[in-house]
Amino acid sequence: KRPDQVAPSPMWTLDKGISFSLLSRFINCRERFRLYSVEGVRETSSSKEQMDFGTYFHELLELHAKYPNISPAGISRKAQEQEFAVPYTLPNGRTVKLVGKSDEIISAKDGTLWVQENKTKEKFNEYKIESSIPFDLQTLMYCIAIEKLFKKPVTGFVYNVIRKPTHKPSKVKEKVLDPKTEKMITKS
């Protein structure tokens, strides 16, 4: 047992369902998945504290989406992520339960269904986010689960991205015209 681990808790079983984070843990490292899911080894709360910034903004974005007319000072803990647990039949015929928490499910006035995701990132590129969505396992899992839950197709996703402050300031680079060579150069 490492010093940053706590005593094991009850083991995970398939009947509890498969979440994106669980599947992601398995894809990233099968041994860490086994230790976490089968043996019940957990990290201490000190590692959780590193995620506080993202968690706070995440909750504020959810509340703002749900109560847009209430000021930040007036918002209390009225909303939480919307949990889901839906059966999904795999190509081999076996049925598993997809479980997770969607930040917000928006049923628009025109009848369309949208899924909102709130993210915090130190650096982000709008083009990369947009182009990666069709291949993002979490997005695809949520889409399948929510379509099954609401029995209609998801029209799209709304992403709220908040830039997380870094420990050292990033250098802003800009392209300028060099008057001597009349070519574009990168200036810090």
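The values are calculated or read from the model by the stated rules, or taken from the named source; none is laboratory data. Quick caveat, the model's predicted, so the values are computed rather than measured. With ideal geometry, Cβ positions are generated from the backbone for all residues, glycine too; neighbour counts draw on all protein chains shown. Side chains included, ligands, DNA and RNA excluded: accessible areas come from the protein's heavy atoms. Shrake-Rupley method; radii C 1.70, N 1.55, O 1.52, S 1.80 Å.
Residues in the range 3-55 that are of a type in the set (Val, Ile, Thr) and modelled with pLDDT of 80 or more: Ile18, Ile27.
Residues in the range 57-88 that are assigned to a helix (DSSP H, G or I) and modelled with pLDDT under 70: Phe57, Pro72, Ala73, Gly74.
Scanning the range 98-146 for residues being assigned to a loop (DSSP other than H, G, I, E, B) and open to solvent by less than 80 Å² (accessible area, probe 1.4 Å) gives a total of 6.
Among the residues here, Lys168 does not qualify as part of a strand (DSSP E or B), open to solvent by 80 Å² or more (accessible area, probe 1.4 Å) and at pLDDT below 75. Taken together, the criteria exclude Leu149 from residues that are surrounded by 11 or more Cβ atoms within 10 Å (Cβ to Cβ), touching a helix residue (DSSP H, G or I) at 6+ places or on another chain (Cβ under 6 Å), modelled with pLDDT of 90 or more and not small (Gly, Ala, Ser).
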